[in-house]
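Report on the structure given below.
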Amino acid sequence: MGEVYRGRDTRLGREVALKSLPAAMASDPDRLARLEREAKLLAALSHPNIAAIYGIEEEAGSRVLVLELAAGETLGQRLERGPMPFEDIVAVARQIVAALEAAHERGIVHRDLKPDNVKVAPDGGVKVLDFGLAAAFGGVAGASDPGGMLSQSPTMSARMTAAGMLLGTAAYMSPEQARGKPVDKRADIWAFGAVLFEMLVGKRLFDGETVTDLLAAVLRQDVDWSTLPASTPAPLRRLLRRCLERDPQRRLRDIGEARLVLEDLAAGKSDAAEAAGAPPAVATPAAGLPARRAAALVAGALALAVLAGIGGYLLHGSPPQALRAPSRLSFSLPATASLQTLDDRQTIAISKDGRTLVFSAIDGGTTRIFVRRLDAASAVPIPGTEGGEDLFLSPDGAWVAFTADGKLRKAPLGGGPSVTLCEAGQSRGGVWGEDGTIVFSPEVTSGLVRVPATGGVPQPVTTPDAAKGERSHRWPEFLPDGHSVLFTVGVLEKPGDYDDAAIDVVDLKTGARHTVYQGASMARMAPSGQLLVASRGVISVVPFDAAQGKTTGAAVPALEGVSGDPSSGVVFFGVALDGTLAYLAGGPAGRDRDVVWVDRDGKVTPVGLPPREYRDVHFSPDGTRLLLSEGPGSGRQSDISVHDLVHGTTLRLTSDGLSGTAVWAPDGRSVVYDAYAQHAIVRRAADGSGEPVLIRAHSGLLMNPSAMLPDGSEIFLSRSGLPSKGDIMTLAMDGSSDLQPYIATAAHEVEAMPSPDGKLLAYTAVERADPAIMVQSYPGPGGRWQVSEGPAVSARWSKDQRHLFFLSQQSVMDVPVTGTSPFTYGRPEKSISLRDLRTAPRWGSSQYDVTPDGKRFIFIIDRLREQSPQQVNVILNWTDEVGRLAPATR
């Protein structure tokens, strides 16, 4: 964790320990902020058995912790000489317990208790070191912590067997900590038990050559109680067993109970009170009733209290045989929430044990993820998931992974800070393997990538085959072997049609890949061994040989009316290993939207256009016409039209279903758009005359035009897709040169908008967390300014250049502009509220525009918000029925 020096505080005349932070830590502002918060908390914790934190100093740009200098050797050094006398063990253990008890009462958990973090002075006094620093250093895994190791082990053991091996920490991790689950004071209780065991036996509770071996032992290996000295008192044996319960629900509830046992032992009481004691008493069957019948009565009572017919399932995790027929239930969302089913993302997931559901919903204008336990009364939001979408669960159901603000993140369902794992853009599905590998689709037009669940740099798994016209690999699913992954293949010929897509499988070990099914998307494995696929709102079951990776029979429809979006291939359902199905009803979701006027008072007036799958809208330079891009949606349409606001007529410019985002030329006489099928930027007359004219072909990544320079010489485009994530490109309108990167950094930049005089460029950028509106001189060099605070997207200039508008959460913000050479501006002010407008800011989408006079706005708003599913449906034992429809290959 750094280097520790002996130092002297010359002002107070005392010796101190100075701990310098490693460079990777010191350069991470998130970790430093956590460190300072934790230090302030610990500074208020004064206890004779806890080494104090005196302060944090900065010298030559480096941070140094000023700590109490604890005398003596570490307990780890002492244990290298073998077992300790019983009296010494009790004395040391009592002082460790006293430190833990004092900290736990203040809500502070050590998280990294081990012999190397305990100092024993020559006089027998004990100091517990680094209290709480695990919380400070266990921050976001990322560039400064590529393996996520620091979040697991904030302090390295002096007794490592090799560089980077964390054996000294892993040996004392509780099972829940080894699984990466959230921890509380019970993790400290386990670690105390492991330390106490080592003091008695003279060797660690578990051991192994690697961290993986050691953690596997922590999770599964039985404790060898026979190694305890025969003279170990029975109360101490019982205390150890309670501390080392793998199930935290059965573990010693409070470290103060251990203090009572140790005090009695120190006082010479051989029959210490059962403070650590026996497990709670178990109720016996009612008189005269067999145990099975008594249990059935209990289950029946709970069924009446919860949901008729499933009480036994909620109690025991596997229903009695009498309940193997499918049972249906549903629950509604919180009154203020609306399910998020309109953004091409996975909205719902169910844990493997079938007991926990998570879903994303818009609540109070903010998207967040909710968790609903099947045995709970209601769903609750998960802290740290604001803006979260495209979600999936860890194998143990303790974490939810999701994308937000251009990052792949994870958050514990039990509460706690979210953790950034890696960069991600407009993701299309992910899956978390049993071995801790996450496979996901990071962009709309990309292959699959893999990343450890602890975080790191994504590594490619698949690459779309351009020769076959592939554009996207998405919605991955692990096969039972743990190294083969199913995924859906999208093609350029039908960019918004996934009802008839191919399902392929790739081997993570060899890279070998082949098609297993044609004509559906969103493949999932049924626990009974079949393949589940979805198309046109129907989930079908297909006989499947998972070992060979091939289907063995025809598809059989199993469930109709399941909500989804054929334009992205997402279908809102999940299946648990116990056979439980969770889904949203409603059939394939449409994307019909309305186009409306919104004035400065927030008044909404329809434009008069029929509802369609509108995506982007732009005013003509004179403000008399609208340029509208549609789709892709309903699977087969992505076209461009021009609506005349004066005469109320609409002219369709393209009808090939393969035309992307379009923008106006400055003179209003032509439009420029991305022709998907030709991988080219083309120009066409705005009145529909003539044929499209090729400007320049490109690589096939999404190239969305955003605006032209006022003189019409160049066009700005947003290039999306890995490895670039998002860059701003320029293209000469005469086609004299190839596409050129203008802003191409490690950040994600889209939607460049030049000012009316061409001297400034406004755009959306994600450099750390939230998207922001940036302005810089054009063409440069010159200044660069961030004009937004908090999440912000989609900059737009007024024609007089006195205002710069952008969207921020549920508002249109207005930045007053007073000059362009140099750029001078005021604080953003709220222009109108979007809270009642059935829309939310969408990343990289031109969902609104401002009239040339800056007095009114045009918006594309969702039409189906009220019709979106507002309840989650659950079918217990559903895959038993599936097994009868299409038996699995064995």
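Rounded if a/c is under 1.5, else prolate if a/b is larger than b/c, else oblate: which is region 346-394, with a ≥ b ≥ c the root eigenvalues of its Cα gyration tensor?
oblate
Percent antiparallel among DSSP beta bridges with both residues in region 478-634, to the nearest 5? Please report the intermediate quantities before stating the final value.
Working: 40 of 41 bridges.
Roughly 100 percent of the DSSP beta bridges within region 478-634 come out antiparallel.
Tell me which residues come under 5 Å, amide H to amide H, from ARG612 once H is placed; ignore anything under 5 positions away on its chain.
Amide H neighbours of ARG612: ARG593.
So how do 571-579, 871-879 stack up, highest first, on mean other-Cβ count within 10 Å?
Going from most to least packed, we get 571-579, 871-879.
Could you report region 771-837's accessible area per residue, 1.4 Å probe, as an integer in Å²?
47
Report the accessible area of SER713, computed with a 1.4 Å probe over the heavy atoms of all protein chains in place, in Å² rounded to the nearest 10.
Accessible area of SER713: about 50 Å².
Taking 0.36 nm per intervening residue step and subtracting the Cα-Cα distance, what contour gain separates ASP247 from ALA547 on full extension?
Full-extension gain reported as 104.6 nm.
Enumerate the amide H contacts of ILE382 below 5 Å, restricted to partners 5 or more residues apart or on another chain; note that Pro and chain-start residues carry no placed amide H.
ILE369, PHE370, VAL371
Which of the trypsin sites (Lys or Arg not before Pro) across region 768-800 are loop residues per DSSP, with 15 or fewer other Cβ within 10 Å?
Within region 768-800, the qualifying trypsin sites (Lys or Arg not before Pro) (loop, at most 15 other Cβ atoms within 10 Å) are ARG768.
For region 449-464, take each phi angle, set θ = phi - 60°, evaluate the Karplus expression 6.51 cos²θ - 1.76 cosθ + 1.60, and give the result in whole Hz per residue in order, putting x for glycine and proline.
Residue by residue, region 449-464 yields 10, 10, 8, x, 5, 8, x, x, 9, x, 10, x, 10, 9, 10, x Hz.
Which of the aspartates and glutamates could be linked to LYS19 by a straight reach, that is with a Cα gap under 13 Å, when you skip same-chain ones fewer than 8 residues away?
GLU3, GLU57, GLU58, GLU59, GLU68, ASP130
Do any trypsin sites (Lys or Arg not before Pro) in region 508-572 lie in a DSSP loop with no more than 10 other beta carbon atoms within 10 Å, and if so, which?
Filter output for region 508-572: LYS509.
Residue by residue, what Karplus-based ³J(HN,Hα) values in Hz, rounded to whole numbers, does region 250-261 have, using 6.51, -1.76 and 1.60 with θ = phi - 60° and x for Gly and Pro?
9, 6, 3, 6, 8, 5, x, 5, 5, 4, 4, 5
Are any of the pairs LYS407/LYS550; LYS114/LYS185; LYS407/LYS468; LYS181/LYS352 more than 24 Å apart by Cα-Cα distance, and if so, which?
Correct reply: LYS407/LYS550; LYS407/LYS468.
Find how much the distance from ASP213 to TRP785 grows on full extension, using 0.36 nm per residue of separation minus their present alpha carbon separation; answer in nm with one decimal.
Working: separation 572, 0.36 × 572 = 205.92 nm, distance 5.13 nm.
Result for the pair: 200.8 nm of gain on full extension.
By how many nm would the segment from SER226 to THR515 lengthen if fully extended, with 0.36 nm per residue of separation less the alpha-carbon distance?
98.6 nm
Straight-line reach from LYS603: which lysines have Cα under 18 Å away, leaving out those fewer than 8 places along the same chain?
LYS603 reaches LYS830, LYS855.
Please list, or write none, the aspartates and glutamates whose alpha carbon is within less than 12 Å of the alpha carbon of LYS759, excluding same-chain residues fewer than 8 places away.
ASP711
Put a dot 7 Å past each Cα toward the Cβ at THR366 and GLU434; how far apart are the dots in nm?
So the two model labels end up 3.8 nm from each other.
Amide H of GLY569: which non-local residues (sequence gap of 5 or more, or other chain) have their own amide H closer than 5 Å, using H built in the peptide plane?
Under 5 Å from the amide H of GLY569: TYR498.
Where in region 465-550 are there GluC sites (Glu not before Pro) that are in a DSSP coil and have at most 16 other Cβ atoms within 10 angstrom of their Cβ?
In loop regions of region 465-550 (DSSP not H, G, I, E or B), the sparsely surrounded GluC sites (Glu not before Pro) are GLU493.
Would you tell me the accessible area of VAL642, worked out with a 1.4 angstrom probe on the heavy atoms of the protein chains, in Å² to the nearest 10?
10
The values are calculated or read from the model by the stated rules, or taken from the named source; none is laboratory data. It should be emphasised that the depicted structure is a prediction, and the values quoted were computed from it without experimental measurement. We place every Cβ from the backbone using ideal geometry, glycine too, and count neighbours over all the protein chains shown. Accessible surface areas use protein heavy atoms only, side chains included; no ligands, DNA or RNA. Shrake-Rupley method; radii C 1.70, N 1.55, O 1.52, S 1.80 Å.
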